[in-house]
Structure formats: structure tokens, C-alpha cells
Amino acid sequence: MLKPLEITKKPARNYSRAVMAITWKDLAAELRSRELLSSMLVFSLLVIMIFYFALELDVKARNGITAGALWVTFAFAGTLGLNRSMAVEKDRGCLDGLLLAPVDRSAIYFGKAISNLVFMLIVEAIVLPVYSVMYNINLFNPGLLMVTLLGSVGYIAVGTLLAAISVQTRTRDVLLPILLFPLAIPVLVAAVKASSGFLLGLDMSEITPWLNILIVYDIVFTAVAFMVFDYVVEE
Amino acid sequence: MSPQSRVLKVLNVISAVLVLAAFLMAMFYAPLEKVMGEVQRVFYFHVATAWVGMLGFIAAAVVSIIYLRTQDLKWDIIGLAAVEISLIFFGITIVLGSIWARPAWGTWWTWEPRLTTAAILEMVYLAYLLLRQGIDDPERRARFGAVYTLLGGLSVPLTFVSIRLFRTIHPVIIGNGGSETMAMTGSMVATMLFSIAAFSVVFVTLFWHRIRLGQFSNKVEYLKMKASLTEFTGTTH
């Protein structure tokens with residue numbers, strides 16, 4: 001237990017501990033139930049298979065389309081996870097409990113965002129090798145992994161905020177992709193272009209602009225989400 | 001219910017006259033464009049409506065910040081008005097652009113940066129309206145709406161930058177947008193500026209009307225709630 005004195009003494013440390021506590025709560029709950037990760041994973045694998053039949057991914061088509069197919073899969077699986085992680089909080093009244101905690105509200109945002117990011121990265125870490133095997137294409141490329149991380153950060157930064165909004169509306173889970181996709185377009189465009197740049201072995205000068213957009217997006221939207229999260233959960 | 005103020009009534013007439021004048025200028029005063037022919041005349045209204053859409057977009061983003069700072073519901077009415085006007089005018093811009101693009105570029109639609117960004121902006125606005133529809137509590141509706149317009153105001157410029165980059169790295173098949181390469185004579189510039197000015201007045205008039213409408217609908221909502229409350233207490237006695 002924290003003593004009140006400690007709270008006033010080390011606010012920064014206390015803040016990061018609150019963030020870690022929320023992240024840890026989500027990870028522990030997921031470790032026991034495994035409902036979120038398993039549905040995200042099965043869903044992603046199904047999407048990859050549907051891509052095969054829908055686009056007839058022969059050897060030639062694969063190289064050009066892989067980046068796009070991967071990011072569509074990540075984006076769809078991401079909304080699934082974001083929806084679920086907020087719905088769980090709302091349904092059982094946990095969100096109100098979290099809001100009562102004597103911590104800065106943005107700590108709740110960062111805690112949820114980090115756990116969402118971890119779930120998304122786990123799904124990606126499984127999808128990438130499976131995709132490599134199924135389509136016989138080498139996806140183990142440091143550049144691609146970096147783009148995957150940068151893209152996921154931006155996507156989750158906006159997605160966590162919007163999931164907190166959509167879960168409080170009447171239409172709920174239907175609304176999240178509608179709210180998220182138009183705002184996530186810069187991330188998706190930049191991530192797809194940078195990924196395919198690395199896969200096709202393009203020159204770095206052609207990839208750097210896309211990495212810059214990803215970094216700018218990540219920073220801007222993390223900062224804005226930090227600033228406006230209070231308004232989203234205020235009651 | 002307060003009647004329209006005198007200034008607003010005058011503005012109604014001025015807007016109508018100005019739009020008519022802009023139409024006549026575009027049709028008869030502006031010279032015939034050599035390459036594109038008569039269809040180029042749609043350009044004057046295309047630019048003007050895009051300008052109004054842009055004004056609405058900026059107004060919506062600024063107003064959303066003001067709302068979050070003040071938490072005063074009147075700014076929510078203003079923000080909604082700005083979004084709706086921007087939605088409609090960008091819609092008109094896209095349609096007018098298509099009419100021009102069909103003969104000029106040989107296609108109704110192309111994934112040109114400005115066009116694509118306008119289309120995505122329309123999606124953001126539609127999502128905003130859907131979001132509002134899903135919330136009953138007016139105060140929460142206003143807060144979420146403001147947060148969403150603010151996010152849209154940040155993401156749409158980035159969308160534009162990324163799509164532009166998307167097109168410049170790849171070979172551009174269709175010229176870099178017609179208006180920049182189009183050489184305009186003095187009377188053409190005059191017509192364009194006049195229609196932009198005319199539509200700016202239209203923007204103010206519509207904005208005013210829409211804010212009034214928003215105030216009325218809030219009043220109706222309030223009266224309905226009050227009526228149902230008195231009915232409720234009446235039956236319990």
C-alpha cells in the first residue's frame with residue numbers, strides 16, 4: 001500500500017507506478033482468461049486466408065500486396081482488441097472503479113494504451129511468421145519490425161482514446177471502426193508504404209519520409225490523447 | 001421564439017443576390033477557356049464552395065478547443081453548425097469537381113491528394129454525426145463531439161501530407177491538379193475572387209441560420225423534457 005506521504009514526495013514515480021499497475025491488471029486478466037488474444041489471433045489468421053482466396057495471391061502478386069494485406073489484418077484485429085478491452089471495463093463497472101482511484105486520469109489512459117499495445121504486438125509477432133510460412137516470403141526484416149512497432153503505437157494511441165468514447169455510446173462496438181479508420185489513415189498509408197519499401201529493398205531516402213510521418217503521428221496523437229482523456233471519462 | 005434579426009434578413013437578400021451575380025459572372029463575364037471549353041466555368045463555384053468548406057473545417061476545429069476550455073453548450077451548437085456546413089459544401093465541391101474532371105481528366109474520380117483528402121474529411125464528419133446520434137446526454141454529446149472534431153482537425157492535414165507524398169514518389173499520370181497550371185486572365189481572376197467573396201457571405205448567413213436552428217432545437221428538447229416531467233408529477237398526485 002502507498003502511504004500518503006509517499007504520494008506527495010515522488011509524484012513522477014507514483015504516476016508511472018499507477019500506469020504499470022493498470023497495465024499489469026490487464027495483462028494478468030488476459031493471462032487467465034485469454035479471451036481477447038485468442039479471438040484477435042483466430043480472426044487475423046482467418047483474414048489472411050480470406051486474402052488468399054480474394055486476391056489469388058500468386059508469387060508475383062504477393063510482393064506488391066503483402067504490406068497492404070498485413071496492415072489490413074492488423075487494423076481489423078486491432079479494433080477487435082480495443083473494443084473488447086474497453087467493453088470489459090464498462091460492463092462490469094470497472095471503469096468507474098478505476099476513475100475513483102486517486103491517480104491522474106491520464107495514467108488510466110496510458111495503462112490501457114500500453115496493455116492494448118502489448119496485445120497488438122503479440123498478435124503481430126504471431127501473424128508475421130505464420131504469414132511468412134504460408135506465403136513463402138521472408139518477413140524477418142529489422143526495418144519492417146520497426147515500422148510495425150511505430151504503426152502500432154500510433155494506431156493504439158488514437159484507438160484507445162476512441163474506444164473509451166465509443167464504449168460510452170448507444171451504438172458501442174459498431175462505432176469504433178467508423179470513428180477510428182478515417183483518423184488512422186495517415187498511419188495506415190505511411191505504415192503500408194514504409195513496410196513495402198523495406199520488403200522491396202528500396203533506398204532509405206524513399207522510406208524516410210514515411211517513417212517521419214509515422215513518428216510525427218505517434219507523438220502528436222499520444223500528446224493530444226494525454227491532454228483530452230480527462231474530457232472523455234469526466235462524469 | 002425570437003424572429004430573425006434585421007441584419008440576418010438583410011444578409012439573406014444579399015447572399016441570394018451575390019450568388020446570382022457570381023453565377024452570371026461565371027457564365028457571361030468570364031471568358032471561354034481555350035483548352036477546356038465551357039465546362040471550365042464550373043471551376044469558379046468549385047473553388048468558392050471548397051473555400052466555404054475549408055472555413056467550416058477551421059471553424060469546427062477552433063470551436064472544439066473553445067468548447068473544451070469553457071464547457072459552455074453554446075459552443076457545441078456553433079461547432080455542429082460549422083461541421084454540417086463544411087460537410088455539405090465539401091460534398092458540393094466534390095460533385096462540381098467530378099463534373100469538371102470527367103471531360104478534363106477523362107474520369108469522374110481520381111485519387112488525387114486534394115480529392116482524396118476531401119473524401120476522407122467527409123468520412124470524418126459522417127463519423128462525427130453518427131457519434132452524436134449515439135449519445136443522449138447533451139453535455140456528454142458535446143464533449144465527445146468536440147474531442148472528435150479536434151482529432152479530425154489534426155489528422156486530416158496529416159492525411160493530406162501523406163497522400164501527397166504517396167503521389168509524388170510514384171509517377172503522376174494525370175497532371176498535378178489543373179488549377180495551378182491553368183493560366184488565368186484578369187477577368188477570370190476577378191470572377192473567381194468575386195464568387196469566393198459571395199460564398200463567404202453565404203457561409204456567414206448559413207452559419208447564423210444553423211446556430212439559430214440549433215438554439216431552437218435545444219429549446220424544444222428542454223421544453224419536451226419539462227412537459228414530460230410535469231406530466232409525470234401530475235399523474236403521481
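The values are calculated or read from the model by the stated rules, or taken from the named source; none is laboratory data. What you are looking at is a predicted structure, and each value in this text was computed from that prediction instead of being measured. Cβ coordinates were reconstructed from backbone atoms using ideal geometry, including for glycine residues, and neighbour counts include every protein chain displayed.
Worth pointing out:
- Residue in region A:120-128 that is assigned to a helix (DSSP H, G or I), small (Gly, Ala, Ser) and in contact with a Phe, Trp or Tyr (Cβ under 7 Å, 6 or more places away or on another chain) present: no
- Residues that are of a type in the set (S, T, N, Q) and either within 30 Å of residue B:47 (Cβ to Cβ) or not in a helix (DSSP H, G or I) (or both), drawn from region B:190-237: B:191, B:195, B:200, B:205
- Candidates A:148, A:208 - the one that is assigned to a helix (DSSP H, G or I), more than 10 Å from chain B (Cβ to nearest Cβ) and without any contact (Cβ under 8 Å) to a residue 24 or more places away in the chain: A:208
- Test: residue in region A:187-202 that is over 27 Å from residue A:86 (Cβ atoms) and within 8 Å of another protein chain (Cβ to nearest Cβ): yes
- Filter pass, residue A:175 being more than 10 Å from chain B (Cβ to nearest Cβ) and hydrophobic (A, V, I, L, M, F, W, C): no
- Qualifying positions in region A:182-203 - surrounded by fewer than 17 Cβ atoms within 10 Å (Cβ to Cβ) and either touching a Leu at 6+ places or on another chain (Cβ under 9 Å) or acidic (Asp, Glu) (or both): A:203
- Residue match in region A:152-164 (condition: at pLDDT below 95 and touching a Gly at 6+ places or on another chain (Cβ under 7 Å)): no
- The C-beta contact set for region B:68-85 (first residue within 10 Å of residue B:142 (Cα to Cα), second residue assigned to a helix (DSSP H, G or I) and of a type in the set (Phe, Trp, Tyr), distance under 7 angstrom, 6+ apart or interchain) comprises B:68/A:231; B:75/B:67; B:76/B:67; B:79/B:67.
- One residue from A:156, A:215 being aliphatic (A, V, I, L, M), away from chain B (no Cβ under 12 Å), part of a helix (DSSP H, G or I) and within 30 Å of residue A:109 (Cα to Cα): A:156
- Identity of the residue in region A:204-235, farther than 30 Å from residue A:59 by Cα and charged (D, E, K, R), that ends up surrounded by the fewest Cβ atoms within 10 Å (Cβ to Cβ): A:235
- Residue in region B:103-121 that is more than 10 Å from every other protein chain (Cβ to nearest Cβ), in contact (Cβ under 8 Å) with a residue 60 or more places away in the chain, of a type in the set (Val, Ile, Thr) and in a helix (DSSP H, G or I) present: no
- Of all residues in region A:169-179, exactly one satisfies the criterion of being crowded, with 21+ Cβ neighbours inside 10 Å, in contact (Cβ under 8 Å) with a residue 24 or more places away in the chain and within 15 Å of residue B:132 (Cα to Cα), namely A:176.
- Boolean, residue A:198 is among the aromatic types (Phe, Trp, Tyr), at pLDDT below 95, touching a helix residue (DSSP H, G or I) at 6+ places or on another chain (Cβ under 6 Å) and closer than 25 Å to residue A:59 by Cβ: yes
- Single match in A:77, A:29 (criterion: of a type in the set (A, V, I, L, M, F, W, C), surrounded by 14 or more Cβ atoms within 10 Å (Cβ to Cβ) and closer than 22 Å to residue A:154 by Cα): A:77
Per-residue answers, yes or no, for (1) hydrophobic (A, V, I, L, M, F, W, C); (2) out of contact with any Lys or Arg (no Cβ under 7 Å at 6 or more places or on another chain); (3) crowded, with 19+ Cβ neighbours inside 10 Å:
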residue	(1), (2), (3)
B:4	no, yes, no
B:30	yes, no, yes
B:65	yes, yes, no
B:76	no, yes, yes
B:80	yes, yes, yes
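- Residue, surrounded by the most Cβ atoms within 10 Å (Cβ to Cβ), within region B:135-182, restricted to residues that are within 11 Å of chain A (Cβ to nearest Cβ) and at pLDDT below 55: B:169
- Here residue A:220 meets each of (1) of a type outside the set (Asp, Glu); (2) facing chain B (nearest Cβ under 9 Å); (3) in contact (Cβ under 8 Å) with a residue 12 or more places away in the chain with one exception, condition (3).
- Meets criteria (more than 24 Å from residue A:38 (Cα to Cα), more than 11 Å from chain B (Cβ to nearest Cβ), in a helix (DSSP H, G or I) and modelled with pLDDT under 90) for residue A:143: no
- Among the residues of this structure, residue A:79 counts as one that is assigned to a helix (DSSP H, G or I) and touching a Pro at 6+ places or on another chain (Cβ under 8 Å).
- Of residues in region B:88-116 being within 30 Å of residue B:140 (Cα to Cα) and surrounded by fewer than 21 Cβ atoms within 10 Å (Cβ to Cβ), the one farthest from the chain's Cα centre (by Cα): B:91
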